[in-house]
Amino acid sequence: MPPGGSKSIAALNKAELAACVAPSASWHTDYRDTAYIYIGNLPHALSEGDIITIFSQYGRPVHIHLARDKETGKSRGFAWLKYYDQRSTDLAVDNLDGADVLGRGIKVDHARYKLKEGERETVGETDQEDEGGSDGRGGTPERRVEDVDNEDPMMGYLRERERERKGRDALRKRGGRDASRRRRTEKGRDESRRRRRRRRSTSPLGSSDSDERGYRRRRRRSDSIDS
């Protein structure tokens, strides 16, 4: 983190904006190798789900580690969060560093976080074996996504988004099948019409009928001329 925290980050961004610095030359590029951010000065009342809800407006979180007291399991006020897309870290740092959350100005910056032994990257669980094994609210060390609906609004939101995505995919597939079926039906109709035309043009009866009609027309013309 730049010396001075939030003020330094704001100053860096302001200086880059004034100098029209290209994104490829921004100070953010020093952290292109990590999709983690550090979040400090968090209100102790916030849960993992609360933090995810705040930070998901700038990308999709895939892992969060909220530091907790080993004895009580209560939040220590800082966390690390990883985004699915590394570029989301730039947005989170620029927009949320210094933001007021429940009366506290939180600190947000790029970070290089190393997973602890046995820790997995997930937003559906909290790994707390090294920090007391409890979430301070009667929770278990590892809480699966389906167990946290009532207290973690972000989990329900993520599942709802997934259901909507699957629904859209199913509609697209169904629409594709219907379109393919319509194309096959139209192609079959066109082919049937072409076959009927070919049969009429090659049929002896059709040819005879055509010749007879032509003969009659010629005869009527001849009769009208003679009269």
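Tabulated values for the structure
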{"quantity": "Test: residue in the range 65-82 that is on the phi > 0 side of the Ramachandran plot and at pLDDT 90 or above", "calculated": "yes"}
{"quantity": "Close pairs (7 angstrom Cβ cut-off, 6 or more residues apart or separate chains): free of Cβ contacts under 8 Å to residues at least 40 places away in the same chain and assigned by TED's automatic domain parsing to the domain that holds Gly77 in the range 90-117, part of a helix (DSSP H, G or I) and buried (at least 16 other Cβ atoms within 10 Å of the Cβ) anywhere", "calculated": "Leu91/Tyr58; Asn95/Tyr58"}
{"quantity": "Subset tally (residues that are farther than 18 Å from Val93 by Cα and part of a loop (DSSP other than H, G, I, E, B)) for the range 56-72", "calculated": "4"}
{"quantity": "Pairs, first over 13 Å from Trp80 (Cα atoms) in the range 47-69, second outside any strand (DSSP E or B) and aromatic (Phe, Trp, Tyr), C-beta under 7 Å, six or more apart", "calculated": "Gly59/Tyr84; Arg60/Tyr84"}
{"quantity": "The range 73-112, subset of a type in the set (A, V, I, L, M, F, W, C) and not in a strand (DSSP E or B), residue farthest from the chain's Cα centre (by Cα)", "calculated": "Leu102"}
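Here's the yes/no breakdown for (1) at pLDDT 95 or above; (2) in a helix (DSSP H, G or I); (3) among the acidic types (Asp, Glu):
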position: Ala11; (1), (2), (3): no, yes, no
position: Glu16; (1), (2), (3): no, yes, yes
position: Cys20; (1), (2), (3): no, no, no
position: Thr29; (1), (2), (3): no, yes, no
position: Ile39; (1), (2), (3): yes, no, no
position: Ile54; (1), (2), (3): yes, yes, no
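The values are calculated or read from the model by the stated rules, or taken from the named source; none is laboratory data. Only a predicted model underlies this, so the values are computations on that prediction, with no experimental measurement involved. Positions of Cβ are generated from backbone atoms using ideal geometry, with glycine treated the same way; all protein chains shown enter the neighbour counts.
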